[in-house]
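S.K.: Let me give you the structure first, and then I'll get to my questions.
Just so you know, all these numbers are worked out from the coordinates, no wet-lab data involved. Just so it is clear, the model here is predicted, and its values are computed rather than measured. Methodologically, a virtual Cβ is constructed for each residue, glycine included, from the backbone with ideal geometry; neighbour enumeration extends over all protein chains shown.
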Amino acid sequence: MDAARLKLAVQKAGRLTDPSLDLLVRCGLKLSRGKDQLVGYGENMPLDVLFVRDDDIPDLVQEDVCDLGLLGLNVLEEKRLEFAARGGAARFMPVRRLDFGRCRLSLAIPTEASWQGVDSLRGKRIATTYPFLLERFLREREVTAHIVTLAGAVEIAPRLKRADLICDLVASGATLEANHLREVETVLECHAVLVRTPLILPPEKEDWVQRLLMRIDGVQQVRESKYIMLHAPRSALPEIARLLPGSESPTIIPLEGSPDRVAVHAVCRENVFWETLERLKQAGASALLVLPVEKMLA
Ligand code: ATP
Ligand code: ZN
């Protein structure tokens, strides 16, 4: 592989794959990737994408095989604690919190079991694939319990009598419910993150890392942002400015032939809901129009 090109590790097949590729496409990357190929070639950026298991991403950055990686905070933090426990230090730095991959690492107990807070964990066996995060949680709460480390299929451990409860990732809770478990405590709130090597990169590579970071910021801002246009009586402007969600000073444009009414244009950094439009209308606004924002550069 070409050492002058950035290497970014992405999950090969899983929950993070589509949102990760979607983010890169929105950042302008054109990838050529043959079917089943493990490396995607960036046609319009000096950046190649390596498709791997998410658990391997911290090691790939740690060992300087990759400069960047997209992975869940759960995997990142577990690896960081594992390196620390072995007396080493992680050489991957989180540089951006991303707006996908949201879930939580939680404790869940059999539906019928009783729960009186973390004290109920004392002496219990807890099955997990995240022993280091769980160990930290127990230590911080001064509770002694037995950690049963499994490679997968954690949710069936209580039924198999391998554990009394579990510590696993939850999003909707449907998997827990299907396995007669209920969530009782959050260990870690998770989302995807972009990590980078702490190494000082050659200037051209570093320049592309910075450009990518700026584009990611733009993409994430735009996802929630809306461009709103409306007509309003001048007298209602203070009230209307107050109602516009997350907008900085709106643009006021005179309307030909109606001295009392103006057009208001504003970028809202939050989604605009029907309720907001209804309130704007009550405040005197008319001809309301809400448009998606395509790109943004501060
Ligand atoms: P791999 O084969 O790459 O090891 P995996 O089985 O570990 O895949 P996935 O289930 O695809 O991984 O999850 C990848 C990441 O997606 C998780 O580590 C977590 O950060 C995030 N995630 C988001 N929602 C969920 C969820 N409901 N359950 C599990 N993980 C989720
Ligand atoms: Zn994994």
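S.K.: For a quick check: sort Asp48, Asp54 by the number of other beta carbons within 10 angstrom, fewest at the front. If you can, show how the numbers build up before the last one.
M.R.: Working: Asp48 18, Asp54 25.
Ascending Cβ contact count within 10 Å gives the list Asp48, Asp54.
S.K.: Right, another one. Please compute the Kirkwood hydrodynamic radius over the stretch 16-141, one decimal place, Å, based on all pairs of different Cα atoms. Don't jump to the answer; show the numbers that get you there.
M.R.: Values: mean 1/r = 0.0577 Å⁻¹.
When all Cα pairs of the stretch 16-141 are included, the Kirkwood radius is 17.3 Å.
S.K.: Please check: in the Gaussian network model of the chain (C-alpha springs, under 10 Å), which one of Glu63, Glu206, Glu275 has the largest mean-square fluctuation.
M.R.: The residue with the greatest mean-square fluctuation here is Glu275.
S.K.: Can you compute the helix-only [θ] at 222 nm over the chain? Use -39500 (n - 2.57) per DSSP H run of at least 4 residues, normalise by all residues, nearest 500 deg cm²/dmol.
M.R.: On the way: 8 runs with 82 residues, N = 298.
One gets -8000 deg cm²/dmol as the mean residue ellipticity at 222 nm.
S.K.: Compute the projected area of the convex hull of the Cα atoms of the chain, averaged over all viewing directions, and report it in nm² to one decimal place.
M.R.: Details: hull surface 86.3 nm².
Its average projected convex-hull area is 21.6 nm².
S.K.: Bin by bin, in steps of 5 Å, what percent of the Cα pairs in the stretch 162-231 do you find, going until the bin that has the longest distance?
M.R.: For the stretch 162-231, the binned pair fractions read 3, 10, 14, 11, 9, 10, 12, 12, 10, 7, 2, 0, 0, 0 percent.
S.K.: Could you tell me which chymotrypsin sites (Phe, Trp or Tyr not before Pro) in the stretch 220-295 are loop residues by DSSP with no more than 13 other beta carbons within 10 angstrom of their beta carbon? The partial results should precede the final answer.
M.R.: Working: sites: Tyr227, Phe273, Trp274; in loops: Phe273.
Those that pass, being in a loop and sparsely packed, are Phe273.
S.K.: Remind me, relative contact order of the stretch 103-190 in percent, using alpha carbon pairs under 8 angstrom and six or more residues apart?
M.R.: Details: 165 pairs, mean separation 43.4, N = 88.
After rounding, I find 49 percent.
S.K.: Anyone know which of Pro254, Pro245, Pro110 comes out most mobile in the 10 Å Cα GNM of the chain?
M.R.: In the Gaussian network model the winner is Pro254.
S.K.: Another question about this same structure. For a quick check, take a GNM of the chain with Cα springs below 10 Å and name the residue from Leu213, Leu280, Leu169 with the largest mean-square fluctuation.
M.R.: Leu280
S.K.: Alpha carbon centre of the stretch 147-187 versus the stretch 47-109: separation in Å?
M.R.: After rounding, the separation between the Cα centres reads 22 Å.
S.K.: Quick one: Glu135, Glu248, fewest Cβ neighbours within 10 Å first, how do they rank?
M.R.: Values: Glu135 15, Glu248 9.
Arranged by neighbour count, lowest to highest, Glu135, Glu248 become Glu248, Glu135.
S.K.: With a Cα-only, solvent-free Debye model of the stretch 226-292, what are the log10 I(q)/I(0) values at q = 0.12, 0.15, 0.21 Å⁻¹?
M.R.: With no solvent term, the Cα-only Debye profile gives -0.25, -0.39, -0.77.
S.K.: Next question. Restricting attention to the alpha-carbon atoms of the stretch 84-223, what are Rg (one decimal) and Dmax (integer), both in Å?
M.R.: 19.0, 59
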